[in-house]
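The values are calculated or read from the model by the stated rules, or taken from the named source; none is laboratory data. Worth saying up front: this structure is predicted, and the values here are computed from it rather than measured. Neighbour counts run over all protein chains shown; Cβ positions are idealised from the backbone, glycine included. Keep in mind that these areas ignore ligands, DNA and RNA; they rest on the heavy atoms of the full protein, side chains included. Shrake-Rupley method; radii C 1.70, N 1.55, O 1.52, S 1.80 Å.
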Amino acid sequence: MTRKTRRITTALLGALMAGAAIAPANATTIEESAPETPANNDKLPIVHTYRGSNHLKANVLNPRPVCNSTEDYRTVVYKVKDNFLPVGTISTTNLSDEAIPLQQDLSRTQTVSASVNGSKTETLDLGGSGSKKGIEGNIGYSLAKSLGWDVSAELSWNVGQTVGPYDVPAGNTGEATYGFRTVTMTGTQQRCRPNGTWATPTAWVANMPVKNEVRVKNFDTPADSWAPNKGAQTTEVKDEPNAEYDNDVDTLNKGDNIDDVEKVDDNKTADISNEDVNLAADNENAAKEESEKADDNTEGAIEVEAVSDKKEAATEADADSEQAEYDLDLEPYFTVSSAKAQGFAGSTALRVKNVGNERYWGEFPAVTFRVAVRTEDGPEGVDRLITTTTREGGYARDLGWDEDEQARIFEVTLSNPINPGEEADLVSFSFGDGNTKEGRLTNYITVTQTGRLDGDDSEYNDQDVDSRDVTLDDFGRENEGIF
């Protein structure tokens with residue numbers, strides 16, 4: 001190696017070592033923003049029915065109407081979300097050695113109004129009743145009030161109104177974002193059809209202003225500033241002490257009072273030996289064997305008669321129990337076109353039959369079913385394009401892919417009554433083609449009734465019902481139930 005080559009090699013090694021020395025530490029900050037995922041809430045759904053009259057009127061098309069045509073509206077809220085709607089931000093960077101205030105007088109007016117179906121341009125007259133395409137407008141206001149929100153028709157930040165002051169520490173940048181706190185209610189709304197039943201629901205959203213709000217944050221490096229809510233000052237709400245709960249815990253920890261229990265002296269021994277115990281046991285067994293041999297024939301006849309009596313009693317008890325369950329009883333099943341091939345595009349329908357003795361209907365609690373589309377064959381953990389079409393007053397919510405359950409989840413709600421022996425076609429699931437880069441995907445479906453009327457204890461035919469067992473084709477023949 002020449003002297004020139006050694007100099008070049010040494011220079012390259014030095015540059016690499018210098019670069020390694022100044023390489024920053026690998027510190028990664030991950031921020032993720034996403035819409036809130038709907039979750040089950042025991043306070044939801046909220047069902048609000050607006051009645052135009054104080055009684056149901058006779059309907060020539062339906063002897064048992066559930067609503068008055070052209071008068072009644074029904075709103076079902078299945079999601080309520082608290083929001084912050086920002087309209088402006090003021091900021092300052094403090095390059096001094098002491099804290100300085102962040103403050104600004106606003107130069108323009110910002111306003112938010114109550115809205116229904118997401119329209120910010122169509123405000124509501126909350127003192128009256130607004131209607132658009134058969135949808136009652138002021139229901140959003142009354143529902144928000146029933147949830148405990150002190151909502152307003154309109155809120156504003158006015159010209160000359162002051163935001164601040166807020167202290168910004170030395171070397172920090174402070175931001176104050178001012179806006180409005182709102183509550184958004186998401187659900188469906190239905191009008192009453194001419195035959196006195198609820199029509200297919202339409203999407204419904206109400207956005208209600210609650211109050212003006214300012215969110216303040218301080219950060220000392222530019223990297224901290226980009227996340228919309230990172231470092232925002234919040235007020236911690238502490239739970240009030242629960243004296244009743246504490247008393248219950250103390251009682252459990254103390255245990256039961258055993259003063260009245262008869263105590264036994266630990267040193268007290270029985271005046272009997274093991275030999276005596278064994279001898280007595282042998283004599284008893286011998287006597288029992290002789291008695292069994294002597295009465296063998298008689299006991300056999302009695303046992304046969306007893307078993308027969310028990311079977312008859314059990315059969316009668318099962319019949320009585322089955323009859324009781326049939327008073328209120330819905331049975332789900334599926335139908336599919338005979339032309340649909342497994343793994344290819346096509347539709348299947350969820351139907352519910354009333355196999356009970358009574359008319360099945362109630363506005364609350366909501367009658368709901370949980371539908372899970374699962375993988376029969378093909379790549380695991382792969383979702384499939386599925387769209388829904390609802391009929392007969394029912395509606396379906398797509399809750400998305402459940403990673404733990406490895407299934408696509410839907411919630412289906414029944415809105416209209418089903419008479420004994422009749423059935424309702426609630427929703428159809430339209431599958432896209434199951435061909436993927438990892439192989440063709442085929443699915444099956446399970447359905448479980450999750451919301452039922454009081455008195456309906458018939459869970460024998462509506463829990464984890466498998467499409468592979470209860471699917472029929474167009475001609476009523478059994479189908480494999482794989483889609």
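Looking at (1) within 25 Å of the chain's Cα centre (by Cα); (2) open to solvent by 50 Å² or more (accessible area, probe 1.4 Å), which one does G451 not meet, given that it meets all the others?
In the conditions (1) within 25 Å of the chain's Cα centre (by Cα); (2) open to solvent by 50 Å² or more (accessible area, probe 1.4 Å), G451 misses (2) alone.
May I ask you to list the residues in region 137-166 that are touching a Pro at 6+ places or on another chain (Cβ under 6 Å) and open to solvent by 50 Å² or more (accessible area, probe 1.4 Å)?
Of everything in region 137-166, just one residue is touching a Pro at 6+ places or on another chain (Cβ under 6 Å) and open to solvent by 50 Å² or more (accessible area, probe 1.4 Å), namely P165.
In region 431-446, is there at least one residue being at pLDDT below 90 and within 19 Å of the chain's Cα centre (by Cα)?
Scanning region 431-446 turns up no residue that is at pLDDT below 90 and within 19 Å of the chain's Cα centre (by Cα).
Going residue by residue through region 111-129, is there one that turns out to be in a loop (DSSP other than H, G, I, E, B), open to solvent by less than 80 Å² (accessible area, probe 1.4 Å) and at pLDDT 80 or above?
yes
Among the residues of region 79-91, is any at pLDDT 85 or above, under 27 Å from the mean Cα position of the chain (by Cα) and farther than 18 Å from F180 by Cβ?
yes
Counting only residues that are surrounded by fewer than 17 Cβ atoms within 10 Å (Cβ to Cβ) and polar (S, T, N, Q), give me the strands (runs of 3 or more DSSP E) lying completely in region 338-427 with at least 2 of them.
Qualifying strands (runs of 3 or more DSSP E): 386-390.
If you take the residues in region 69-103 that are of a type in the set (S, T, N, Q) and crowded, with 17+ Cβ neighbours inside 10 Å, which one is farthest from L414 (Cα to Cα)?
Ranking the candidates gives N94 first.
In this structure, is A206 small (G, A, S), touching a helix residue (DSSP H, G or I) at 6+ places or on another chain (Cβ under 9 Å) and either open to solvent by less than 10 Å² (accessible area, probe 1.4 Å) or modelled with pLDDT of 90 or more (or both)?
Yes: the conditions hold for A206.
Against the condition crowded, with 19+ Cβ neighbours inside 10 Å and small (G, A, S), how does G174 come out, does it pass?
Criteria met by G174.
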